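The values are calculated or read from the model by the stated rules, or taken from the named source; none is laboratory data. From a predicted model like this one, the values you see are computed outputs, not experimental measurements. Heads up, the Cβs are rebuilt from the backbone with ideal geometry, glycines too, and the neighbour counts pull from every protein chain shown.
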Amino acid sequence: MHRSAFLKKLIASVVIGKLPLSITKEFRKIYLLQCFVAGFRHYEGMQLLSGMKEGNLLELVREPQNEYDDCAIALHWQGKKIGFIPASVNEMLSYLLDAEALSLFAIITHLENNAQPWENVAVAVYFVQEVNKDLPAHASYLTRIEAPHYRTLHRNKEKLKQKTQPTMEQLFDDTNRVINLDAIPGEQYEAKEHFEKWYGKYPVVIDKPGRYVQIKDDGIYTYMYDISDDINMVQDDKGNEFLEFFLV
């Protein structure tokens, strides 16, 4: 068997931990990315969550024709789509997948049912490297799994009950969402470019400074990890109400 083919078969096996030490000791996992599954609530993830286990392998599926992101990488669990790699960190991975430069793998690292849906499932993307030399000391982070930071696990839910705050149902189901392009922090230039590119053609006139655009679809959740808890109701010049999202 060709060496590369053998390696792919070896890593794809769920029972790799049961292989003889003489085989597994020659390879190590190099983690390129650790993140939450984006869009988890909007596909089949919520229905499948109870059956998932930490350590389950996921399939990375490129979607170059995706309507909202030409670098889109979907995540599939047992053949069913559960969400995406966040758009803010998928570009380089999409290049690697398109070029077939590396055999990339994804694995569920953490499950947290008590968090909000966009923090239910944490994953890591890695490739396998033959151990023929030691990694530099400063690169040791490449071989370890980090515990995710849950922003929603201990959120003060009372804030959502205030008159100026939307309910959780509104947050997910209301399609009247807006964001102020000019208020996006400078360090969030990728997010600003994303919203300008895909939603700049949907301007909304709000009686506040800045360029507002409407985001009717779930594209607002592309950068959910950097969205503030302060999501308020605003009105346009015609009296229509919108949820105003803020990036931090």
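Summary table
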item: Exclusive hit being closer than 17 Å to V123 by Cα, out of contact with any Gly (no Cβ under 6 Å at 6 or more places or on another chain) and touching a residue at least 60 places away in the same chain (Cβ under 8 Å), set L49, L57; result: L49
item: The listed residue being among the aliphatic types (A, V, I, L, M) and under 18 Å from the mean Cα position of the chain (by Cα), out of L135, L102, L111; result: L111
item: K197 vs. criteria outside the structural domain of K81 (by TED's automatic domain parsing) and modelled with pLDDT of 80 or more; result: yes
item: In region 69-96, the residues that are farther than 24 Å from F195 by Cβ and part of a helix (DSSP H, G or I); result: L96
item: Residue count for region 1-54, restricted to those that are of a type in the set (S, T, Y), more than 17 Å from V131 (Cβ to Cβ) and at pLDDT 50 or above; result: 2
item: Members of region 97-143 that are assigned to a helix (DSSP H, G or I) and either of a type in the set (G, A, S) or surrounded by fewer than 16 Cβ atoms within 10 Å (Cβ to Cβ) (or both); result: D98, A99, A137, H138, A139, S140, Y141, L142, T143
item: Some residue of region 55-68 being part of a loop (DSSP other than H, G, I, E, B) and either closer than 16 Å to W118 by Cα or touching a Ser or Thr at 6+ places or on another chain (Cβ under 6 Å) (or both); result: no
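Okay, residues lined up against (1) surrounded by 13 or more Cβ atoms within 10 Å (Cβ to Cβ); (2) in a helix (DSSP H, G or I); (3) at pLDDT 75 or above; (4) more than 23 Å from the chain's Cα centre (by Cα):
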residue	(1), (2), (3), (4)
I145	yes, no, yes, no
K163	no, no, no, yes
I179	yes, no, yes, no
Y189	no, yes, yes, no
P209	no, no, yes, yes
F242	yes, no, yes, yes
